[in-house]
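One structure below.
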Amino acid sequence: RAQRLLRLGFLSVTLLLLIPAGAILGVLIYEGAPGLSWEFLTTPPRSNGAAGGIATALAGTVWLTATALVCALPLGVAAAIYLSEYARDNWLTRAINVAIVNLAGVPSIVHALFGLGAFVYFLHFGKSILAAGCTLAVMTLPVVIVSTRESLQAVPHSFRDACWNMGATRWQTIWRLVLPNSGSGILTGLILVVCRAVGETAPIMFTGAVAFRQMYPESVLDKSMALSLHLYTVSTQVKDVPENIPFTVALTLVLVVLAMNSVAIYFRMKLRGK
């Protein structure tokens, strides 16, 4: 009886967590699905976003997310490899761990101001996709480092001992054995980065995203629109916007996140199978 009660209690907590997410998704589908069409996805906005579609905002979101991933993944994985496989337990390692924890707790608006000063003005990237992507990369680095380090540490140490006994170097062991066995965990970090990067507004607003633009970005040095900023703009800043437009933009943003995550989850399942 006690086991059944505990199981029922945990199931109730799980359902309570799912109810708000399901309610939000239901409202977005009910209000936004009627306005979702191929024309809406492929037409640039007009009248400051009050009319037209979201093509340039959708393209800009993909550019920003890809730039953030390119910047964050190599640095985060390299830092995780150092902390898990090379670093000793000394004051430097403890200082790095404290810095990672503190970086994860910094509000996004502070990251935005850092990106504005470091990438826009100091490194002279200007307000561009590159500056915004680097800012998102700094903001998501703790997620990549922590998830990758945990997946590296989950590989049994006996695997490493077997490689070293066969004469392999530390790097050969990491490259040929540890990383392939922790690939699914690294992809989990990638999924979390995508979720965080796609939905952020403040960092990109300060560093490279614009509220209205009808031209597609051609390089990382261009400015661009983004779905999250476009949603904020049409919801609060633009007059005479049809009531369903903000819901349709929000639904598109959720679908973009789900699509990107589905691709990463597919590859993660293939790696786990191997």
Which three extents, in whole angstrom, do the alpha-carbon atoms of the chain cover along their principal axes, largest first? 70, 63, 33
Extension gain Ala259-Ile24, at 0.36 nm per residue separation less the Cα-Cα distance, in nm? 82.8 nm
Degrees, to the nearest 10: 91-104 long Cα axis against longest axis of the chain: 20
With every protein chain in place, what's the accessible area of Met215 (1.4 Å probe, Å², nearest 10)? 120
Can you work out ³J(HN,Hα) from phi for every residue in segment 105-118, in order, using Karplus 6.51 cos²θ - 1.76 cosθ + 1.60 and θ = phi - 60°, giving whole Hz and x for Gly and Pro? x, 6, x, 5, 5, 5, 4, 4, 5, 5, x, 4, x, 7
The local net charge around Ser182, scoring Lys/Arg +1 and Asp/Glu -1 for residues other than Ser182 whose Cβ lies under 14 Å from its Cβ, equals +4
Specify which residue in the list Trp164, Leu18, Trp63 is farthest towards the positive end of the charge dipole of the chain, using unit charges on the beta carbon of Lys, Arg (+1) and Asp, Glu (-1), about the Cα centre. Trp164
What nm distance separates the two modelled labels at Ala51 and Val70, each placed 7 Å from Cα along Cα→Cβ? 3.6
Extension length gain for Asp240 and Ser108 (0.36 nm per residue less Cα distance), in nm, is 44.5 nm
How big is the gap, in Å, between the Cα center of segment 59-115 and the Cα center of segment 1-35? 32
Calculated [θ] (222 nm, deg cm²/dmol) that DSSP helices of n ≥ 4 give over the chain, each run adding -39,500 (n - 2.57): -22500 deg cm²/dmol
Tilt, helix 244-273 to longest principal axis of the chain (alpha-carbon atoms), in degrees rounded to tens, equals 20
For Ala51, the residues 5 or more places away or on another chain with a placed amide H closer than 5 Å to its own amide H are Arg46
Sites Phe122 and Ile96 - FRET efficiency at Förster radius 25 Å, r taken between beta-carbons, to 0.05: 0.60
GluC sites (Glu not before Pro) within segment 183-274, DSSP loop, no more than 16 other Cβ atoms inside 10 Å: Glu218, Glu243
One quarter of the convex hull surface, Cα atoms only: what value does that give for segment 67-192 in nm²? 8.5
Using packing as a proxy for protection, rank 62-69, 112-119 so that the peptide with the highest average count of other Cβ atoms within 10 Å comes first. 62-69, 112-119
May I ask you to order 72-82, 39-49 by the average number of other C-beta atoms within 10 Å around their residues, highest value first? 72-82, 39-49
Counting each pair of different Cα atoms once, what's the Kirkwood radius of segment 130-274 in Å, rounded to one decimal? 17.9
Counting only protein chains, not ligands or nucleic acids, how are Thr169, Thr201 ordered by accessible area (probe 1.4 Å), most first? Thr169, Thr201
Here the convex hull volume per residue of segment 1-55, taken over Cα atoms and given in Å³, is 99
Go through 1-7, 246-252, 23-29 and give me the packing order, highest mean Cβ count within 10 Å leading. 246-252, 23-29, 1-7
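The values are calculated or read from the model by the stated rules, or taken from the named source; none is laboratory data. Note that the coordinates shown come from a computational prediction; the quantities given were computed from them, not determined experimentally. Note that each Cβ is placed from the backbone with ideal geometry, even for glycine, and that neighbours are counted across all protein chains shown. What goes into the accessible areas is simple: the full protein's heavy atoms, side chains included, and nothing from ligands, DNA or RNA. Shrake-Rupley method; radii C 1.70, N 1.55, O 1.52, S 1.80 Å.
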